[in-house]
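Visitor: This is the structure, below, for whatever I ask next.
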Amino acid sequence: MTRCLPMLLALALVGCGDTAGPIADVGARDILVELASRDRGAADGDSAGDGASDATAGESAPAPSNGIFDGCRAFADCPAGTVCNFSLGRCDRRLDWTASSAAFISYHPLAVAPGDVLVIDVARLWQSFLFPPASIDVRVGTQTLAAYGDVLDDTRVVVPIAAAVSGTIELKTDTGQLLRSTRPLAAATSSGARACDGDTPTARGSAGAAPDATGPHAAGYLDLAAHVGRLFYPARCGGARRPAITGTHPLVVLLHGNGAGYMAHEYLGQLLASWGFVALMPDAKVDYSAPDPVAIAAQQTQTLLAAIGAVRDRDLGALAPQLAGVVTSPQVAFVGHSRGTARIQHVVGADAALRNATVATIFLGPVDDGDVVPGLFMLFSGDADAQSPPLVWGAAWARQGKPKWRIELHGGNHSLFTDHKVWTGFLDGQPTLARAQQMAIVARFSLPLLQRAFNLQQPFKAVIDSPQSSAQYTVEAQR
């Protein structure tokens, strides 16, 4: 049984919930000095504030230069109020707190084909979080499309594309306000592999100087209709269905919480793909309001096991021709947020072989289901996280074996662990960290842990071997 504060029980519905070449080793002292300096600068000059009231309609788009596009490659490359989309190399608007008015922010990809998934970022899609609309219709040109699944998020809409569409994107708020894109959505010429065209970052072959910057590859992705999810993989250039970097790659599974969707951790999936990982983001939602939520949860465990089994320890050419030669490791690591941490415990508890193959587990704002998870362990908590307070994360932390690391985010909350979600009022504390800052800290410690767990080269081993706290976080290590 989940051990949560009594007052949190009412929140259960929304959360409580070609291979890479050698990478040059970076000096331990240089890494730690650089990261500490970056934290001091961010703490002095960048705070979250409201950050959403002036959101404007429109989309940011890559701007190729001389046929080669580089774009942002680190969280620090983007201005306040934005987050680097590592796959597209652009700084996308993200809300740090509740928007005061509705707005159309951006969408990706800029061109879609049948089988793709359109992701639309908005502000304030409805007025009351407690009474969201059951569904929402999205209009593209002259066609009306249904968003995927139940609508639980007022900042992001996910739309599966079943047929060729193009034109202006329109959607309505619950008050009837019409939101429109300023840039029409284009129809892709093919649903097959997309050649590199210089419009997204290309694999540069050299690694970033810090674990919160991209690695030697670009981040390609494939939408998985059969299992409902998105798969990021090392690619020659970023974006949907791009040519892959062949070879054997370690597999990481990212499981979202119940108040968010499977796109919730794109930032981490993209970054990991650039460092040579394959990152699976399957749909993991469970309807706890159903008549028999226990049976629904058990069914979801089997669905997740099937999705993981479809990509673990195999050539991914079976999923798509452009992934032929991309082989995933038999070993696996998990990252879970909120109730996604419970789903990790469920799947490794239901499959002994998967449990034995798990080399690392990372919890972001966890629930506590009373289980001991396998592999190296890392836990992120936020002192403004109203859904995973010390009584909850503390129990999860205490029962895990060594070695383990815990990073306490000063001013970090529950929703900023995700790529888009904004909870309000009693559902979460108001953050003082900006979303990009919280994401960067998660990436900074997660990447070195995963590199160690899979016995990869460890250019950033000092980050976990000699962890240093900063103005933004406190690190506890038990080895």
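The values are calculated or read from the model by the stated rules, or taken from the named source; none is laboratory data. Every value quoted in this text rests on a predicted model; they were computed, and no experiment measured them. Note: ideal-geometry Cβ built from the backbone for every residue, glycine included; neighbour counts use all protein chains shown.
Visitor: Identify the residue in segment 320-347 that is over 19 Å from the mean Cα position of the chain (by Cα), among the aliphatic types (A, V, I, L, M) and more than 14 Å from L251 (Cβ to Cβ) and, among all such residues, is surrounded by the fewest Cβ atoms within 10 Å (Cβ to Cβ).
Guide: Step by step, filter segment 320-347, then rank; the result is A324.
Visitor: Another question about this same structure. When you look at G276, is it of a type in the set (G, A, S), in a loop (DSSP other than H, G, I, E, B) and surrounded by 24 or more Cβ atoms within 10 Å (Cβ to Cβ), yes or no? Explain how you work it out, then say what you get.
Guide: Values: of a type in the set (G, A, S): yes; in a loop (DSSP other than H, G, I, E, B): yes; surrounded by 24 or more Cβ atoms within 10 Å (Cβ to Cβ): yes.
Here the answer is yes, as G276 does meet what is asked.
Visitor: Among the residues of segment 366-383, count how many are crowded, with 20+ Cβ neighbours inside 10 Å and out of contact with any strand residue (DSSP E or B) (no Cβ under 6 Å at 6 or more places or on another chain).
Guide: Going through segment 366-383 one residue at a time, the tally reaches 3.
Visitor: Let me ask something else about it. Taking F426 as the residue in question, decide whether it is within 30 Å of A99 (Cα to Cα), outside any helix (DSSP H, G or I) and of a type outside the set (S, T, N, Q). Even if it seems obvious, please write down each step before you answer.
Guide: Working: within 30 Å of A99 (Cα to Cα): yes; outside any helix (DSSP H, G or I): no; of a type outside the set (S, T, N, Q): yes.
No, not satisfied.
Visitor: From the set of residues in segment 422-452 that are small (G, A, S) and over 20 Å from the mean Cα position of the chain (by Cα), which is surrounded by the fewest Cβ atoms within 10 Å (Cβ to Cβ)? It would help to see each step written out before you state the result.
Guide: Restricting attention to segment 422-452, the residues satisfying the condition of being small (G, A, S) are 425, 429, 434, 436, 440, 443, 446.
Applying the additional criterion that residues be over 20 Å from the mean Cα position of the chain (by Cα) yields 425, 429.
Values: G425: 11, G429: 20.
Among those that are small (G, A, S) and over 20 Å from the mean Cα position of the chain (by Cα), it is G425.
Visitor: Restricting to segment 451-479, and then to whatever is among the charged types (D, E, K, R) and more than 17 Å from V335 (Cβ to Cβ), can you tell me which residue is modelled with the lowest pLDDT? Let's see the steps before the verdict.
Guide: First pass over segment 451-479, keeping only residues among the charged types (D, E, K, R): 452, 461, 465, 476, 479.
Subsequent filtering for residues that are more than 17 Å from V335 (Cβ to Cβ) retains 461, 465, 476, 479.
On the way: K461: 98, D465: 98, E476: 98, R479: 92.
By that ranking, first place goes to R479.
Visitor: Do we find a residue being surrounded by 13 or more Cβ atoms within 10 Å (Cβ to Cβ), part of a loop (DSSP other than H, G, I, E, B), on the phi > 0 side of the Ramachandran plot and out of contact with any Pro (no Cβ under 8 Å at 6 or more places or on another chain) anywhere in segment 142-165?
Guide: Checked against the condition, which is being surrounded by 13 or more Cβ atoms within 10 Å (Cβ to Cβ), part of a loop (DSSP other than H, G, I, E, B), on the phi > 0 side of the Ramachandran plot and out of contact with any Pro (no Cβ under 8 Å at 6 or more places or on another chain), segment 142-165 yields at least one hit.
Yes/no per residue for (1) out of contact with any Gly (no Cβ under 8 Å at 6 or more places or on another chain); (2) over 21 Å from I344 (Cβ atoms):
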residue	(1), (2)
R180	yes, yes
P184	no, yes
I245	no, yes
G261	no, no
L268	yes, no
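Visitor: Can you say whether I441 is of a type in the set (V, I, T), closer than 18 Å to V475 by Cβ and not in a helix (DSSP H, G or I), as far as the supplied structure shows?
Guide: Values: of a type in the set (V, I, T): yes; closer than 18 Å to V475 by Cβ: yes; not in a helix (DSSP H, G or I): no.
No, not satisfied.
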